[in-house]
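For reference, the structure discussed in these notes is given below.
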Amino acid sequence: MTISGSEKKRNLFFILSGIFLTNALLAEIVGVKIFSLERTFGANPVNFELFSGANMSFNLTAGVILWPVVFITTDIINEYFGRKGVKKISFATVAFISYMFIVIFIITKLAPADFWLKTNEEGPDGNNFNVNFAFNKLFLQSAGIIIGSLIAFLIGQLLDVTVFHYLRRFTGADKIWLRATGSTLVSQLIDSFIVLYIAFILFAPANSKWTYTQLLNVGLMNYMYKFVVAIVLTPLLYLAHWLIDGYLGKDSAEELMEEAARNSR
């Protein structure tokens, strides 16, 4: 059975949206874990001071493993479906993430079954273990973190699509790496600080608010990681373009990109 060009385009948007949404949802869920990048690779924490205050290391949310996939997918959707395509999947993702947190909140309020508590009452060290407390502690995030994450994500996406098409005016169809990497680096610079400001200053309790020095230290450490990853993963953009060109056909792919660029001005 022959697949028409319009159906191939719909399939492409469906697949890219699925990759985008799945990784964004997973990043939000696993983001509660903070890991040491240095110790993961068998090294000691760098412990250096960017600004006056506590020494900083690459202690990152586990979500940073998945967000680069979201960034790359954003650039690909941007390339082939333009500003409208990115906005459509970004607003949908915010709605789905909000729904996910509402469901998680409701589930944490359900009374745990006695046998479930009993079965899991012994921890790995032999001590008493409250599995319901652990479940709630793991999945419940503060309202500030949730709100900050969603606002930062949406602003980052809208900024990314704007910078991407601004750069495309100068690069044309060439220099994919420049507009993709450039838009990601600009949007993530803003994203890195917005989420921390909202979560740990704006909505944080008075006795646990971060100082602006802490904000600068942690925000820059996170951005340095994202900066390096954005550069390292650039070849994946070219691989994605090669695969899409093969699926749509080179002429159809170029026509779709030109249409996306025209509609995004």
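The values are calculated or read from the model by the stated rules, or taken from the named source; none is laboratory data. This one's a predicted model, so the numbers in the text were calculated from it and none came from an experiment. Cβ coordinates were reconstructed from backbone atoms using ideal geometry, including for glycine residues, and neighbour counts include every protein chain displayed. Surface areas here come from the heavy atoms of the whole protein model, side chains and all, with no ligands, DNA or RNA. Shrake-Rupley method; radii C 1.70, N 1.55, O 1.52, S 1.80 Å.
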Residues (polar (S, T, N, Q) and exposed (fewer than 13 other Cβ atoms within 10 Å of the Cβ)) located in the range 1-12: T2, S4, S6
Selected residue (only one of I29, I15, I19 is open to solvent by 30 Å² or more (accessible area, probe 1.4 Å), of a type in the set (A, V, I, L, M), under 18 Å from Q157 (Cα atoms) and at pLDDT 85 or above): I19
Qualifying positions in the range 58-111 - open to solvent by 20 Å² or more (accessible area, probe 1.4 Å), closer than 14 Å to L21 by Cα, aliphatic (A, V, I, L, M) and in contact (Cβ under 8 Å) with a residue 24 or more places away in the chain: L66, V69, I72, A92, V94, M100
Count of the range 58-104 residues which are in a helix (DSSP H, G or I) and touching a strand residue (DSSP E or B) at 6+ places or on another chain (Cβ under 8 Å): 1
Residue that is in contact with a His (Cβ under 9 Å, 6 or more places away or on another chain) and of a type in the set (G, A, S), where the choices are G148, G144, G82: G82
